[in-house]
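The block underneath contains the structure these notes are about, expressed in structure tokens.
What follows draws every value from the coordinates through simple rules; no lab data is involved. Owing to the predicted nature of the structure, the values given are computational and were not obtained by experimental measurement. In this analysis, Cβ positions are derived from the backbone assuming ideal geometry, glycine residues included, and neighbour counts consider all displayed protein chains.
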Amino acid sequence: MKGELSLSCLDIERYLGEEESRVHVLRGVSLDLESGSIHAVVGPSGCGKSTLLYILGLLDEPDAGSVEIGATPISHLRDEELARRRNESIGFIFQFHFLMEDFSAQENVMIPMRRLGQMNETEMRERAAALLEAVDLGDKLRRQSRHLSGGEQQRVAIARALANDPSVILADEPTGNLDTNNSQRAFELLANLVREREKALLLVTHNRFIADACDWVHEMKDGRVIASHPHGERISV
Amino acid sequence: MTAPLYIALRFATHRKRALLLSLVGVVFGVGIFICTQAQTQGFAQFFINSTVGSNGALVLRSRFQPRYEGMVVSAKSSGAAAARRNYFEGIHNVSEIMRVSRQFSNVVACSPVLRGTISARAGFETTTAELFGIDPASHLRTTDLAKQIVGGRFDDFRNNTTSVIVGYRLADLLQVRPGDTVQVLSPGGEYWRFNVAAIARSGVGTIDSSRVYAHARVAQRLLKKPYEASMIIYKLRNPDRAPALANHFENLFQHAAQSWQEREEGNLQIFSTLRISAAITVSLIILLAGFGIFNVLTMSVLSKVREIAILRSMGYRRIDISAIFLWQGALIAGVGSLIGCILGALLTWGISHVPIHIRGLLYTNHFLVVWDWRHYFWATVLAIVAVFIASYVPAHRAAQLQPVDTLRGSSL
């Protein structure tokens, strides 16, 4: 464990579906993410990895348990306040990059900044350009995202996740849609940026090599974290 | 620029064709609304101006006997209303009533008129006409008669007591021109000969086809009336307040008083009905535009479900998502109303130059329009309300979308 606690959850329970089709997706999951650390969540499909990610990202509410950002409990907050916290403190990266197709790379990175509203247009453009430069896309600022390759799009998504300088980055299979080379490159970029900038990164992955490169690996099965390994311990994904 | 407005602009420009169709609906709705209102009110206003300019905004007529209603005990067997008023023909104390009337701030001028039915003859043509015995000076101050002269001169009438002014359509019927002679049959059976000094056209068919103006004293002798006036007509500063003043005058002078609104009630109802009918018809265009916008925005929400989820994951609130779609509606309403107002003004101008030949209730050679800012205001309000209602449902729906449902659908 490297730094201060950025995000934590305790005894998270989550059910999905209605009545007969109701599934107990998360069963008492607890996690602590410290700044400067990279955590991987691994496990078979349907074990609750993404659901955990959405709850930690304040996009979904747990049926029981609590989530804290820093030392602040956020379970009781209203939707508007949750949105503000999400905008300020959390960056998301999804498997399918989820960029705005008609927006340029630079405009995509500026979207979270616009909501934050702390910078003027020029400052936002400059910051977006710097972030895209950091992910080696400095020459493609004005290119529409639909005209970028899969690897480039995922790098734009990484830059966007860092737009408001969040303390936590949550990534849902960020390399799942990329080939081996691009996967490796995207992960290394993300890992370097996270370590340089003292962020906490939690990523859901099926990629054994990426999981091995993380500071912590949490194995999930049937809605539970069945094991947590520090860096270096071999696991089977 | 706020984040929702920025994104709304980007979303709107992405669906240009759909946006353009919505915009066209609003533009035509607003434009046609303005144009039809300008026309229908134009004809109504022309009629009102003409009738008020010829017959006054308020008319005081026969004296009536006070009924002392509070003292009347109705018979048990009688379910009917109390007895009607008793009227006494003519106004005898004209000078005194006019002197008192002028004290009212709303009264600009008043003029006595002796009115009677006569038979007019010229050449081989004979017709029934309405004789208006007037005092030229006071009548000129009270009505638009001088402006209505289309042939001859008013001064010729003023300076010659044996002359008359003949209504435009009546002159046409009798085939007389200024300088011709017209014979008037008095109630005593004698023909009186008058020189036609001028022809007047008020624009109102009923006036132009029947009226003959003569000097009051001559008319009194011709009609053999014991009183000098059968009515007093008033020009008011604020004709809209004529009903209240008429009520007051009735109580004050014990003479029947009638406002122009009461006098022209039937015609005004026709104009009002036409105007409402036009407004309803055109509102349907705006309503249809609203349905179009509803469809466009609903489709937009459905096609942007993924983008909405992304925005929510980046910290955009429900209200921001809702605002994005409401802004799109507002842009359509704002731009559509602006262009619609310009189109409305152009259509109104164009329509006012279209030649038509109306010789019935009104006399006009082209479409009559009114330039009134309220038409533009109400058209814009109508468009904004319709678009807001059309935008609200899709916007609300977008705001209620759960981002997790979309994101989970993509990767689980």
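A few comments on the model shown:
- Mean partner shielding of peptide A:98-105, defined as the number of other chain Cβ atoms within 10 Å of each residue Cβ, is 4.
- For A:Lys199, the aspartates and glutamates whose Cα falls under 17 Å of its own Cα, not counting residues fewer than eight places away in the same chain, are A:Glu4, A:Asp32, A:Glu34, A:Glu68, A:Glu88, A:Asp165, A:Asp172, A:Glu188, A:Asp215.
- Using the Karplus relation 6.51 cos²θ - 1.76 cosθ + 1.60 with θ = phi - 60°, the per-residue 3J(HN,Hα) values for segment B:113-129 come to 9, 9, 10, x, 9, 9, 10, 10, 9, 8, x, 9, 9, 9, 8, 7, 9 Hz, with x marking Gly and Pro.
- Angle in degrees between helix A:105-116 and the longest Cα principal axis of chain A, rounded to the nearest 10: 60
- Neighbour count of at most 14 Cβ within 10 Å plus DSSP loop: longest GluC sites (Glu not before Pro)-free window in chain B: B:191-412
- Of interest is the spacing of the C-alpha centroids, which for segment B:208-222 and segment B:265-315 amounts to 58 Å.
- Scanning residues 5 or more positions from A:Ala64 or on other chains, those with amide H under 5 Å from its amide H are A:Glu13, with H placed 1.01 Å from N in the peptide plane.
- Helix A:150-161 axis versus longest C-alpha principal axis of chain A: approximately 80°, rounded to the nearest ten.
- Bridge type composition, the protein assembly as shown - antiparallel percent by DSSP, nearest 5: 70
- Rounded to the nearest 5, the antiparallel percentage of DSSP beta bridges internal to segment B:90-229 is 70%.
- Remark: the Cα gyration tensor places segment B:166-239 in the oblate category, a/c being 1.5 or greater and a/b not exceeding b/c.
- Highest-MSF residue in chain A out of A:Lys49, A:Lys140, A:Lys199 [GNM, Cα springs under 10 Å]: A:Lys140
- Radius 11 Å from Cβ of A:His24, net charge of other residues (Lys, Arg +1; Asp, Glu -1): +1
- Helical segments meeting 30 Å axial Cα length and Kyte-Doolittle -1.0 threshold in chain B (DSSP H): B:16-55, B:265-303, B:318-352, B:373-400
- Average beta-carbon neighbours from other chains, 10 Å sphere, peptide B:306-312: 5
- Nonlocal amide H pairs with B:Val108, under 5 Å, H built at 1.01 Å: B:Lys235, B:Leu236, B:Arg237
- Couplings 3J(HN,Hα) of segment A:128-140, computed from phi: 4, 5, 5, 5, 5, 4, 5, 9, 6, 10, x, 8, 10 Hz, in residue order, whole Hz [Karplus 6.51 cos²θ - 1.76 cosθ + 1.60, θ = phi - 60°; x for Gly and Pro].
- Take the Cα of B:Arg374, step 7 Å toward its Cβ, do the same at B:Asp180, and the gap between the two points is 4.3 nm.
- Helix-only arithmetic for chain B: the sum of -39500 (n - 2.57) across DSSP H runs with n ≥ 4, divided by the residue total, places the mean residue ellipticity at 222 nm at -18000 deg cm²/dmol.
- Within-15-Å neighbourhood charge of B:Lys235 [Cβ basis; K, R +1; D, E -1]: +3
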